[in-house]
Amino acid sequence: MNPRRLVVCYSDTGHSAAAARFVAEALKAETETLTAPALRPGRWGFFLRALGALLHRPARLAPLRHDPADFETIVLCGPIWAGNLATPLRGYLKAVERHLPRIRAIVLTYSGSGAPKALKALRDLIGDPVAMVAISDAERRSGKDETELSGLVARVLAAEEMWRATR
């Protein structure tokens, strides 16, 4: 039996979306793109998004297309804002709270800093997933992101194989 997989992504700049596409193709996964209609564009919107991330506020999301209960493995992809989880990622975690154990892998993208803090926040919220990577703009530009993402995919597939063997 092939496990059903879902890659969930929020992306402003396209960097998280590119990582999510890579992972979804490699895992032959379905995709869910998060949208947060209330988030404002522009400089004022950037300030409000950063403030929301600093205050650990979840964004209100548009209705989800996929029920996480239908998937064995969920991979969450999104950006780090102001050294914290982006508010749409927090919104998704809140919306699917009872299905958090299905989130097996995390991909975060970032421009500045704050990756360790954001990864710790995710561990505090969901426990220890099978794989977590944080990809900086420099890693993305150099092509190192593909190595990181390939490693994440390999860890997810190995974990699924192990789970199947123990059933």
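The values are calculated or read from the model by the stated rules, or taken from the named source; none is laboratory data. This is a predicted model, so every value here is computed, not measured. Using ideal geometry, Cβ is built from the backbone for each residue, glycine included, and neighbour counts are taken over all protein chains shown. Protein only, heavy atoms only, side chains kept; ligands, DNA and RNA dropped before computing areas. Shrake-Rupley method; radii C 1.70, N 1.55, O 1.52, S 1.80 Å.
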**Report entry** Residue-normalised accessible area of the chain, given per residue in Å² at a 1.4 Å probe
**Finding:** 53
Report summary line: Heavy-atom accessible area of the chain with neighbours in place, 1.4 angstrom probe: carbon+sulfur share in percent works out to 54
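Let me check against my output: what whole-number percent is the relative contact order of segment 38-148, with C-alpha pairs under 8 Å and at least 6 apart? List each step's numbers first, then the result.
Details: 155 pairs, mean separation 26.5, N = 111.
For segment 38-148, the relative contact order is 24 percent.
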**Report entry** Within-9-Å neighbourhood charge of Glu160 [Cβ basis; K, R +1; D, E -1]
**Finding:** +1
**Report entry** Nearest-10 value in Å² for the accessible area of Met162, using the 1.4 Å probe
**Finding:** 120
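First measure r as the distance between the Cβ atoms of Asp70 and Arg123, then evaluate 1/(1 + (r/R0)^6) with R0 = 25 Å and state the FRET efficiency to the nearest 0.05. Spell out each step's value before the answer.
Working: r = 25 Å, r/R0 = 1.00.
After rounding, the FRET efficiency stands at 0.50.
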Report summary line: Here the percent of antiparallel bridges among DSSP beta bridges lying wholly in segment 20-167, to the nearest 5, is 15
Query - Selection of trypsin sites (Lys or Arg not before Pro), segment 40-125, meeting DSSP coil and at most 14 other Cβ within 10 Å - result: Arg60, Arg65
Query raised in the report: For Glu32, which sequence-distant residues (separation of 5 or more, or a different chain) have an amide H within less than 5 Å of its own amide H, given hydrogens modelled in the peptide plane?
Result: Val7, Val8, Cys9
Query - Rough spin-label spacing in nm, given labels placed 7 Å along Cα→Cβ, for Trp163 and Lys144 - result: 3.0
Report task. Could you give log10 I(q)/I(0) at q = 0.09, 0.15, 0.17 Å⁻¹ for the chain, computed by the Debye formula over C-alpha point scatterers of equal weight, without solvent? Result -> -0.27, -0.77, -1.00
